[in-house]
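Worksheet: the structure to be examined is printed underneath.
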């Protein structure tokens, strides 16, 4: 029986492909959710008309800092796993308002929609682990400043640059807290099971032969 080309000669290549597919489908059973989220990073689904009901509740519509503070209080911070059942998801304005909670992406899209409704200029900033809104007079913080930003969009032009300050340990800690720690237990078990299978496949000897085949032309001693 002929082995499939993907397996023939070694299980190592197959184990890597298996691991990638398993991880992806475990994290995103609906692959469209990831593709949509990535698209929305570069084309944010800001919708000023969706926030009409929020405008009368704003304490000071002329002060962007006051608006941001109000939205941060009204939209409790929750990881995407808890809200959308995905490790990373960029919602529309309507989805964010319906859920009423979310992480930095949810808060950004709501604030940006309000700013556009009130004609307040703003920019999108993003670091490897955070997305935030920037406006004139905003005070910088440890996680929201231009030194850690790697992506910037002012509504017309994109700017990508290396962060001037990059804390590897801090970003790894944020990755753990946002992506693995809040993951549902069943999804964690599925993920670890797939990784375990891929490791076993990777360490199997080549099908149809030994790990150390005898070189051609050599004779075995009797």
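Which residue is nearest to the chain's Cα centre (by Cα), if the candidates are limited to the range 82-107 and must be in contact (Cβ under 8 Å) with a residue 40 or more places away in the chain, more than 17 Å from residue 31 (Cβ to Cβ) and outside any loop (DSSP other than H, G, I, E, B)?
82
Between 38, 55, 25, which is assigned by TED's automatic domain parsing to the domain that holds residue 104 and free of Cβ contacts under 8 Å to residues at least 60 places away in the same chain?
38
Search the range 55-81 for residues being within 28 Å of the chain's Cα centre (by Cα) and part of a loop (DSSP other than H, G, I, E, B), and hand back the single one that is nearest to residue 97 (Cα to Cα).
By that ranking, first place goes to 75.
Among the residues of the range 188-209, are any touching a helix residue (DSSP H, G or I) at 6+ places or on another chain (Cβ under 8 Å), modelled with pLDDT of 85 or more, closer than 23 Å to residue 89 by Cα and in a loop (DSSP other than H, G, I, E, B)?
no
Name the single residue that is surrounded by the fewest Cβ atoms within 10 Å (Cβ to Cβ) among those in the range 120-135 being closer than 23 Å to residue 63 by Cα and out of contact with any strand residue (DSSP E or B) (no Cβ under 6 Å at 6 or more places or on another chain).
Step by step, filter the range 120-135, then rank; the result is 121.
Tally the residues that are within 15 Å of residue 163 (Cα to Cα) and not in a loop (DSSP other than H, G, I, E, B), restricting the search to the range 133-152.
Total satisfying the criteria: 2.
For every residue, the table says whether it meets (1) out of contact with any helix residue (DSSP H, G or I) (no Cβ under 6 Å at 6 or more places or on another chain); (2) closer than 30 Å to residue 181 by Cβ; (3) crowded, with 16+ Cβ neighbours inside 10 Å.
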site: 24; (1), (2), (3): yes, yes, no
site: 27; (1), (2), (3): yes, yes, yes
site: 65; (1), (2), (3): yes, no, no
site: 69; (1), (2), (3): yes, yes, no
site: 92; (1), (2), (3): yes, yes, yes
site: 105; (1), (2), (3): yes, yes, yes
site: 108; (1), (2), (3): yes, yes, yes
site: 118; (1), (2), (3): yes, no, no
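I'd like the full set of residues that are surrounded by 12 or more Cβ atoms within 10 Å (Cβ to Cβ) and under 24 Å from residue 43 (Cβ atoms), limited to the range 146-172.
Correct list: 146, 148, 149, 150, 151, 152, 153, 154, 155, 159, 163.
The values are calculated or read from the model by the stated rules, or taken from the named source; none is laboratory data. This structure is a prediction, so every number in the text was calculated from the model and none was measured. A quick note on method: Cβ atoms are made from the backbone with ideal geometry, for glycine too, and the neighbour counts reach across all protein chains shown.
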